[in-house]
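Report on one structure; see the data block that follows.
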Amino acid sequence: MRLKILIAVYVVVVLAAGKILLDYFYNESVINAYEEGNYSVNDDMLLAMNVLERYIPYYNNANILYKTGEYVQAEEEYQKAVDQGIPEGKECPVRINMALSVIGQLPSDYKEPKNIDESIKTLKRARDYLTVDDCANDEGTGHSKKAERLKRDIDAEIEELENIKQQQQQQQDQQDQQDQQDQQDQQDQQDQQDQQDQQDQQDQQQQQQMQDMDEKTKQQMEQYQQQSQIDRQNDMDTYSRINSYARWNSDYNNIW
């Protein structure tokens with residue numbers, strides 16, 4: 001009985017050892033193929049060969065997707081690997097690759113003004129992957145030197161983008177102030193022109209009034225002259241009648 005138990009234990013140990021060796025060599029073959037540029041992979045086979053470490057197929061597949069530039073899909077596969085549960089001490093390489101797959105999603109012109117806000121969000125999302133499981137932290141005491149180094153690089157890039165954004169905001173504020181000043185100057189010029197136009201209009205009205213007054217004065221003078229002539233003529237007629245009366249009276253006296 002004891003012999004049967006020993007045989008059974010031996011068989012189990014051999015099978016477990018064989019399974020571990022098979023998993024190791026198969027995974028190594030996948031990695032070697034990946035390094036040689038062969039990115040084809042059989043997910044079902046990988047899952048079957050890694051019953052105890054089911055994150056490995058997703059992790060390897062994510063690496064393949066990352067290598068081919070399919071960063072969004074690679075991030076999804078890395079997340080699937082994390083969801084399978086990664087043994088303690090092996091989580092940081094996955095976290096680092098997840099962060100790199102997010103950084104790979106940045107556009108080539110990620111520093112352009114139209115893209116800066118979204119680029120900062122993307123970099124912060126990549127950084128968040130590194131701080132999970134304390135692979136990296138703000139104190140610089142994370143338990144992965146590679147994760148800490150990558151986090152510092154990301155922080156530096158975020159700071160640069162924020163500085164660019166601040167400079168752009170300052171330039172925009174200056175431009176807005178200049179536009180406002182130009183608008184105020186134009187308004188001042190328009191007000192001055194309006195005042196000048198109003199003054200010119202008043203001057204024209206005064207000139208017209210003076211002309212009207214001159215014309216009226218001229219008419220009054222002409223009327224005065226005409227009236228003076230009439231009065232003078234009337235005076236002369238009156239004088240003539242008086243002289244005639246005097247002569248008539250003298251003649252009448254002579255008759256009597």
Qualifying residue in segment 64-73 (condition: open to solvent by less than 60 Å² (accessible area, probe 1.4 Å), more than 27 Å from E160 (Cα to Cα), at pLDDT below 95 and not charged (D, E, K, R)): yes
Enumeration of residues in segment 73-96 that are within 16 Å of L123 (Cβ to Cβ) and free of Cβ contacts under 8 Å to residues at least 40 places away in the same chain: E75
Total residues in segment 139-159, condition in a helix (DSSP H, G or I) and closer than 23 Å to K90 by Cβ: 10
Answer from S144, S119, S108, S101 - the residue that is free of Cβ contacts under 8 Å to residues at least 12 places away in the same chain and among the hydroxyl-bearing types (S, T, Y): S108
Among residues of segment 76-110, those that are within 19 Å of I164 (Cα to Cα), open to solvent by less than 80 Å² (accessible area, probe 1.4 Å) and not β-branched (V, I, T), counted: 4
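Suppose the filter is in a helix (DSSP H, G or I) and modelled with pLDDT of 90 or more; does Q166 pass it? It would help to see each step written out before you state the result.
Details: in a helix (DSSP H, G or I): yes; modelled with pLDDT of 90 or more: yes.
Judged against the criteria, Q166 is a match.
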Filter result for the condition that a residue is assigned to a helix (DSSP H, G or I), within 22 Å of Q79 (Cα to Cα), in contact (Cβ under 8 Å) with a residue 24 or more places away in the chain and open to solvent by 60 Å² or more (accessible area, probe 1.4 Å), over D128, D133: D133
Some residue of segment 105-118 being among the acidic types (D, E), on the phi > 0 side of the Ramachandran plot and part of a helix (DSSP H, G or I): no
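The values are calculated or read from the model by the stated rules, or taken from the named source; none is laboratory data. Bear in mind that the values here come from a model prediction, so they are computed numbers and not experimental data. Cβ: placed from backbone, ideal geometry, glycine included. Neighbour counts: every protein chain shown. In case anyone asks, the SASA skips ligands and DNA or RNA and just uses the protein heavy atoms, side chains included. Shrake-Rupley method; radii C 1.70, N 1.55, O 1.52, S 1.80 Å.
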